[in-house]
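Structure first, then comments.
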Ligand code: JHZ
Ligand code: SAH
């Protein structure tokens, strides 16, 4: 159990208990039903670093291995998003006059973004061997390993320098984040930068999207906490750009200490975080009671619908919904099936509550209701599923509040 902040070593104040939880991506075969791993999902805040973090986190090898079940390329919208992100990085390289650039992606998954850097010196570092294999099949340079001293020195030896480190939805997964910042600080070139994006604490609080909390998300970042962490390793946060992806994310730009001026946009983000109270424990205590209310409302709504003899399926077997369904004790008596386009998840049982996951090919008849577990992809999904709405189908969401749409 982590009693102290992983960044500042000061005491962690626990503000939320989401109970016993399985791995968010731990989809399992029927035969493994009785061997499932559970841990206590509690969340704490450090007054010193302002970092929100899990009290307990499973070992990284338990989550990221050859059976990893999240494949980034399952969303077309995200493919476009990463295309734009890569253009932004290329522009940064140009603006900073970096010649013959070398870029490194931490957690490249199936290569959804790394493929945009094929024409320049690049490396992806990806520990989940099955997704790394898909990236390698795209003829990309990938080291199938965790981000560590060995992988970084291998790349440095090959190219003599590293100009850009980037990551998306990875940094908040790394419990040894101090080590990552230390390595980046040691190995990045003078004109270089480190850019990453992750789900934003501000959105989680505003939308009561407590489903962003699960085993893999050890941290929930704000610009304030990232700035604290950067300073600790002789780095500076110089820009922060809001993103709409994954239900609201933030992209952080980091450089060697004071190498680039702090943008006006970044200063605004800091001010806004103060206004939102992201530096104050009372905000998170209020958030904790909102989570409890959200649970009550969701369970009551699902029960009411079922009592009317109507069918509810879940759209997208997300890790986020593992938290919701286990915290709210929602099993196949309330939500009969999950439907998902990821082959490795199909014909398995969902983590903890064991709701069967099916391929959309098996969806012969629309249910009356879909619980929108992949709510962060709602635009993409709604435009794909116009027929469902036309046939009188309804969506259930829990963000920003429990309702039918
Ligand atoms: P999605 C994962 O979270 C885990 P999850 C991880 N920890 C993280 O941070 C984010 O990703 C990046 C399916 N789908 O993106 C695909 C359809 O079936 O919300 C996925 O299984 N049809 C690394 O799991 C799931 O839904 C569709 O049209 O919460 C979406 O998962 C679309 C768009 C998706 O991430
Ligand atoms: N960047 C992609 C993938 C996110 S999934 C996207 O945004 O869609 C998170 C990825 O981080 C997984 O593929 C996982 O294997 C990888 N990962 C987890 N811990 C890591 C670590 N310590 N070093 C490098 N990659 C890691």
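Bear in mind these aren't lab numbers, they're just calculated from the coordinates by the rules spelled out. If you're wondering where the values come from, they're calculated on a predicted model, not measured in any experiment. Virtual Cβ from ideal backbone geometry, glycine too; neighbours counted across all protein chains shown.
Given the criteria within 11 Å of ligand 2 (Cβ to nearest atom), more than 18 Å from the chain's Cα centre (by Cα) and part of a helix (DSSP H, G or I), does residue 158 qualify? Don't jump to the end; show me each part of the working.
Numbers: within 11 Å of ligand 2 (Cβ to nearest atom): no; more than 18 Å from the chain's Cα centre (by Cα): yes; part of a helix (DSSP H, G or I): yes.
The answer is no for residue 158.
Being near ligand 2 (Cβ under 10 Å from one of its atoms), within 20 Å of residue 244 (Cβ to Cβ) and not in a loop (DSSP other than H, G, I, E, B) is the filter here; which residues of segment 58-78 pass it?
72, 73, 74, 78
Residues in segment 367-405 that are part of a helix (DSSP H, G or I) and on the phi > 0 side of the Ramachandran plot: how many? It would help to see each step written out before you state the result.
Kept after step one, since they are part of a helix (DSSP H, G or I), are these residues of segment 367-405: 375-384, 386-390.
The next check asks that each one be on the phi > 0 side of the Ramachandran plot; those that pass are none.
So the count comes out to 0.
I'd like the full set of residues that are surrounded by fewer than 22 Cβ atoms within 10 Å (Cβ to Cβ) and in a helix (DSSP H, G or I), limited to segment 182-201.
Correct list: 182, 183, 185, 186, 187.
Take the residues in segment 94-111 that are surrounded by 19 or more Cβ atoms within 10 Å (Cβ to Cβ) and not in a loop (DSSP other than H, G, I, E, B), then tell me which one is nearest to the chain's Cα centre (by Cα).
Here the answer is 106.
(1) in contact with a helix residue (DSSP H, G or I) (Cβ under 6 Å, 6 or more places away or on another chain); (2) surrounded by fewer than 18 Cβ atoms within 10 Å (Cβ to Cβ): which one isn't true of residue 75, the others all being true?
(2)
Can you tell which of 267, 274, 207, 256 is within 27 Å of residue 189 (Cα to Cα) and in contact with a helix residue (DSSP H, G or I) (Cβ under 9 Å, 6 or more places away or on another chain)?
Of the residues listed, the single one that is within 27 Å of residue 189 (Cα to Cα) and in contact with a helix residue (DSSP H, G or I) (Cβ under 9 Å, 6 or more places away or on another chain) is 256.
Would you pick out the residues in segment 336-356 that are touching a helix residue (DSSP H, G or I) at 6+ places or on another chain (Cβ under 6 Å) and not in a loop (DSSP other than H, G, I, E, B)?
339
Any idea which of 101, 127 is farther than 20 Å from residue 78 by Cα and within 15 Å of ligand 1 (Cβ to nearest atom)?
On the way: 101 fails: within 15 Å of ligand 1 (Cβ to nearest atom).
Testing whether each residue is farther than 20 Å from residue 78 by Cα and within 15 Å of ligand 1 (Cβ to nearest atom) leaves just 127.
For residue 297, work out the one condition from (1) within 22 Å of the chain's Cα centre (by Cα); (2) under 22 Å from residue 327 (Cα atoms) it doesn't fulfil.
(1)
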